[in-house]
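A quick write-up on the structure given underneath.
Here, each number is a calculation from the coordinates, and none is a lab measurement. What you see is a predicted model, and the numbers here were worked out from it, not measured in a lab. As a convention, Cβ positions derive from the backbone with ideal geometry for all residues, glycine included, and neighbour counts pool all protein chains shown.
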Amino acid sequence: MFGAAYRIATVWGIPIKIHVSLIILLGVLALGMVAGGLDAIVTLLVLETGVFTSIALHELGHSLVAIRKGCRVREITLMFLGGAAQMESIPRRPLDEFQMAIAGPVVSFSLAIAFWLAGSYLPLEFSEWPVPFTRTAAVRCNIGQFIGVVNVGLGLFNLLPAFPMDGGRVLRAMLSPRMGRLRATFVASWLGKIFAALFALKGVWGFPGGLILVALGVFLYVAADREYRAVRYQETLQWPGSGPWAPFFIPGPPRPPKDAGDQVIVGPPPYEKGPPRRTELREDDDARFRPPPEA
């Protein structure tokens, strides 16, 4: 689905792959750290390993819940924009989807606590680290604690109420009982497109340093649109005639067509209550049921 990717591990029967885009990005970052010496390269490798291991565990959190709900996970792909778990299907019940979606941020926040506590006991050097998704804010900690800070940012970013982030699936799970799955997906996907446009505009404003934000905006927009189209296709198969404007004109499950004269409705007979009645056969009916005379 995402092009060239190479398997690096298998967990619970799920292949974990690294995309070629991430390999190129890591190589560019490593070349940029050559001037800093061996210490800078080792620091970068430790940081990258911790961050992308955290992303893989985040996706495994989704996958474990999905497997328990009866879904099959094909693979997990780590890309330069993050990670993605490819599933053959996702839980359709709102509660099941909510549990699957929230599992990833729960894993990220748990890892944040674990890395921060571990860094507190390890003899690592403290320095100033930039806070994720900010330009000027910084936090003084060691590299272990900083990976914990990155996990906080990862969890909060994924909780944005828009597709394809986990928060978008949480929002759809909350709206589906009232609005239906299609309309809830429509709302969450359009919120995803709005956030995607904001990321892209922010990246254009800071170009060329914001090139990653532009790529992220494009990726989120395409993924949000793809999610809505997939659900609309599923609903169209289930309710023919719903069409692309169903979120606006259909308050609930589509109604049957008005011209239903050729439809046959089969129901139980109208049984009557009361004492049992004795049925008497007429003479001609009795003759039909009388056994034939012996030859």
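Just one residue in the set 127, 120, 176, 110 is touching a residue at least 60 places away in the same chain (Cβ under 8 Å), small (Gly, Ala, Ser) and out of contact with any Ser or Thr (no Cβ under 7 Å at 6 or more places or on another chain); that residue is 176.
Looking at residue 89, is it surrounded by fewer than 18 Cβ atoms within 10 Å (Cβ to Cβ) and within 18 Å of the chain's Cα centre (by Cα)? Spelling it out, residue 89 is indeed surrounded by fewer than 18 Cβ atoms within 10 Å (Cβ to Cβ) and within 18 Å of the chain's Cα centre (by Cα).
Mind checking whether some residue in region 28-45 is touching a residue at least 60 places away in the same chain (Cβ under 8 Å), touching a helix residue (DSSP H, G or I) at 6+ places or on another chain (Cβ under 9 Å) and surrounded by 13 or more Cβ atoms within 10 Å (Cβ to Cβ)?
yes
Quick check: anything in region 71-86 part of a loop (DSSP other than H, G, I, E, B), closer than 23 Å to residue 217 by Cα and either in contact (Cβ under 8 Å) with a residue 24 or more places away in the chain or out of contact with any helix residue (DSSP H, G or I) (no Cβ under 9 Å at 6 or more places or on another chain) (or both)? Even if it seems obvious, please write down each step before you answer.
The first filter runs over region 71-86 and keeps only residues part of a loop (DSSP other than H, G, I, E, B), leaving 71-72, 80-81.
In the following step, the residues that additionally are closer than 23 Å to residue 217 by Cα were identified as 80-81.
Next, only the ones that are either in contact (Cβ under 8 Å) with a residue 24 or more places away in the chain or out of contact with any helix residue (DSSP H, G or I) (no Cβ under 9 Å at 6 or more places or on another chain) (or both) stay: 80-81.
Yes, region 71-86 contains a residue that is part of a loop (DSSP other than H, G, I, E, B), closer than 23 Å to residue 217 by Cα and either in contact (Cβ under 8 Å) with a residue 24 or more places away in the chain or out of contact with any helix residue (DSSP H, G or I) (no Cβ under 9 Å at 6 or more places or on another chain) (or both).
Pairing residues of region 220-231 that are in a helix (DSSP H, G or I) with residues that are hydroxyl-bearing (Ser, Thr, Tyr), at Cβ distances under 7 Å and at least 6 apart in sequence or on separate chains, gives 224/189; 225/189; 227/185; 227/189; 228/185; 228/189; 231/185. Among the residues of region 61-68, are any farther than 30 Å from residue 125 by Cα, touching a residue at least 60 places away in the same chain (Cβ under 8 Å) and surrounded by 20 or more Cβ atoms within 10 Å (Cβ to Cβ)? Looking for residues that are farther than 30 Å from residue 125 by Cα, touching a residue at least 60 places away in the same chain (Cβ under 8 Å) and surrounded by 20 or more Cβ atoms within 10 Å (Cβ to Cβ), one finds at least one in region 61-68, hence yes. With respect to being of a type in the set (Gly, Ala, Ser), over 16 Å from residue 163 (Cβ atoms) and in contact (Cβ under 8 Å) with a residue 40 or more places away in the chain, residue 89 falls outside the description.
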